[in-house]
Amino acid sequence: MANPVETAIGIVQRRSLRRNTSKVPTGILPLSQVRRAVALIDVEDTSFDHCKNIILTFFRRHGIHIEIFYLDFRRLGEGERLITSINGTILKKDLNWFGRPSDEKLRLLEMSEPDLLISAIREKDFAYQYIVASSPARFKVGRKQLPGNLFDIVLSEPDDKVLSEADAFANMAQLLEKIR
């Protein structure tokens, strides 16, 4: 039998997604049409710092303004410090009772006015799905398709291997450079 609390949360999450999914039409864009981009990285991936560096290098090389947002849902222990910018990091405490990111964090994402949203994140949870769905980006690239087919391009990985975020982004970058 289904847990009534989980069922109620699922209903609220689906309703919130329906109401707040971006109405901006999306599709594949060549890099020459991308002026601003947002990248999403999961801090729990061991390659997140390397991934951040190759993202910055890639977008600078192409003259595209990039904003990186980190998802960090770890429970920090006593004496542990945040290793990313507080403004660009979405923490567990930034989520409401059903997992929606705070208006402040969502406004920061929206204010970056991205043409491209690129996600190196592999796992999917509601907060991540909400961020991608509500993003006004005209072109969205990710690692795994989300319900509602939110990504225009999905980079699938081999069945026998799990790619790090850095490796996944490197493959995405190669693909983006081929789009004309």
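The values are calculated or read from the model by the stated rules, or taken from the named source; none is laboratory data. Owing to the predicted nature of the structure, the values given are computational and were not obtained by experimental measurement. Note that each Cβ is placed from the backbone with ideal geometry, even for glycine, and that neighbours are counted across all protein chains shown. Surface areas here come from the heavy atoms of the whole protein model, side chains and all, with no ligands, DNA or RNA. Shrake-Rupley method; radii C 1.70, N 1.55, O 1.52, S 1.80 Å.
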Glu110 passes all but one of the listed conditions (1) of a type outside the set (A, V, I, L, M, F, W, C); (2) part of a helix (DSSP H, G or I); (3) within 20 Å of Phe48 (Cα to Cα); the exception is number (3)
Contact list, first residue from region 20-39 and open to solvent by less than 70 Å² (accessible area, probe 1.4 Å), second anywhere and hydroxyl-bearing (Ser, Thr, Tyr) and not in a loop (DSSP other than H, G, I, E, B), beta-carbon distance below 7 Å, six or more apart or interchain, is Asn20/Ser134; Thr21/Ser134; Ser22/Ser134
Taking region 156-173 and keeping residues open to solvent by 70 Å² or more (accessible area, probe 1.4 Å) and at pLDDT below 90 leaves Ser156, Asp159, Asp160, Lys161, Val162
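Yes/no per residue for (1) buried (at least 17 other Cβ atoms within 10 Å of the Cβ); (2) more than 15 Å from Ala168 (Cβ to Cβ); (3) basic (Lys, Arg):
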| position | (1), (2), (3) |
| --- | --- |
| Thr57 | no, yes, no |
| Asn87 | no, yes, no |
| Lys93 | no, yes, yes |
| Asp115 | yes, yes, no |
| Phe126 | yes, yes, no |
| Tyr130 | yes, yes, no |
| Arg138 | yes, yes, yes |
| Gly142 | yes, no, no |
| Val154 | no, no, no |
Note on Phe98: of the conditions (1) surrounded by fewer than 20 Cβ atoms within 10 Å (Cβ to Cβ); (2) within 18 Å of Leu56 (Cβ to Cβ), unmet is (2)
